[in-house]
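Reviewing the structure listed below.
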Amino acid sequence: GSTPLPTRNNPKLFRHLWPTLFPYGVGMMEDYDVRSNDSLGFRNVEMRTHVSHLLQSGPTRRFQTHLSFIFVMGNLLQRRQTSFNAKLAVKKSWFPRVETLLEKISESTIKEYSEKLQKNPFVCPETEGEKAAAQLIKYVNYIGESIPGSMTEVQNMREEMFSIVNTDDLPHIFLTLNPSDTNNPIAQVLAGRDIDLDKFFDDLKPGSENMERSTFIAQNPIAAAQFFDTSVRNLLDILLG
């Protein structure tokens, strides 16, 4: 329908989105009505932990191979993390300017100016409050802590690399690791394919096996991630001990 539904504290939403994954209407994330029943012995589980468990359990791998579950839940979790861990930072030298601008801005001004920007991103501020809001953006920086892919994470990784170089000098060995999941039988086993490793490439038409391997990995991105993690950890363990 056209009515948006909340994604927090609404376990029925997941049942409506994926009736084939939760056919009996149980086992959804954040189902507090069930977990709050002390007679059942359940405990509260965070959504990220619950989703991680679903993606790594089940012999049928129905959660791993579902076309939309991974993407929707990944987007939902990242959006929550962005909202809960977001902060606004201002340089100390800009405090007087920001304070003056904030005194000119009201809640109604922000709401009206936001509506104008949604209709036209290039709209020019007209009132004094809108002009102050437009100038305020120049002095306020958005910081997202512990958010994968955010500029804050990139900056933290950059600072960590600089610290390592300052303390241990420049590295002498540069290694690029790119394990091929479509050409490795271990990845196929993780994806749920029942194969004979001794006859993996035997009795197959040229080109057909490559397409079959690629299809299995494309249908199960969790298996590809597990294969990459296993390969990197084993290589680092062998090289570095």
- Loop only per DSSP, at most 14 neighbouring Cβ atoms within 10 Å: give me the trypsin sites (Lys or Arg not before Pro) in the range 43-108, ordered by residue number. R43, R62, K91
- Query: What's the exposure ranking of W94, W18, going from fewest to most Cβ atoms within 10 Å?
  - Reply: W94, W18
- Chain lengthening between V72 and L5 when straightened (0.36 nm per residue, less Cα-Cα): 22.7 nm
- Message: Calculate the FRET efficiency for K199 and I173 from the Cβ-Cβ distance with a Förster distance of 30 Å, rounded to the nearest 0.05.
- Response: 0.20
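Add -39500 (n - 2.57) for each DSSP H run of 4 or more in the chain, then divide by its residues: what number comes out at 222 nm, to the nearest 500 deg cm²/dmol?
Result for the chain: -16000 deg cm²/dmol, rounded to the nearest 500.
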- Item | R0 of 51 Å, Cβ-Cβ distance N120-E209: FRET efficiency to nearest 0.05 | 0.40
- Across the range 194-199, in residue order, what do the Karplus-derived ³J(HN,Hα) couplings come to in whole Hz, using 6.51 cos²θ - 1.76 cosθ + 1.60 with θ = phi - 60° and x for Gly and Pro? 8, 10, 9, 4, 7, 10
- Label-zone membership for the range 107-138, site L88, 7 angstrom Cα→C-beta point, backbone N under 12 Å: 107, 110-111, 133-138
- Item | Within-11-Å neighbourhood charge of N141 [Cβ basis; K, R +1; D, E -1] | +3
- Query: Assuming R0 = 30 Å, what is the FRET efficiency of L239 and V154, from their Cβ-Cβ distance, to the nearest 0.05?
  - Reply: 0.70
- Item | Scattering profile of the range 18-138 at q = 0.15 Å⁻¹ [log10 I(q)/I(0), Debye over alpha-carbon scatterers] | -0.82
- Task: Mind pulling the angle between the C-alpha long axis of helix 151-168 and the longest principal axis of the chain? Nearest 10 degrees, somewhere in 0 to 90.
- Result: 70 degrees
- Working from Cα positions, state the angle (0 to 90°, nearest 10) between the long axis of helix 128-139 and the longest principal axis of the chain. 50 degrees
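How many percent of the alpha carbon pairs in the range 11-83 exceed a separation of 17 Å? Don't skip to the answer; put the middle values down first.
Working: 1235 of 2628 pairs.
Above the 17 Å cut-off, the range 11-83 has 47 percent of its Cα pairs.
Would you mind calculating the gained length between I110 and D229 on full extension (0.36 nm times residue separation, minus the Cα-Cα distance), in nm to one decimal? Each step should come with its number before you reach the end.
On the way: separation 119, 0.36 × 119 = 42.84 nm, distance 4.55 nm.
Contour length minus the Cα-Cα distance gives 38.3 nm.
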- Check cross-link reach from K104 to the lysines: straight Cα distance under 26 Å, and skip same-chain residues fewer than eight apart. K87, K91, K92, K116, K119, K131, K138
- Could you state the principal axis extents of the C-alpha atoms in the chain, from the largest down, to the nearest angstrom? 76, 58, 43
- When the label point is put 7 Å from the Cα of F95 along its Cα-to-beta-carbon vector, which residues of the range 123-162 have a backbone N closer than 20 Å? 136-143
- Task: Take V123, V165 and order them by how many other Cβ atoms sit within 10 Å, fewest up front.
- Result: V165, V123
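Quick note: the coordinates plus some simple rules give every number you see, no bench work behind them. Source: prediction; values computed, not measured. Cβ sites come from the backbone with ideal geometry, for glycine too, and all protein chains shown count toward neighbours.
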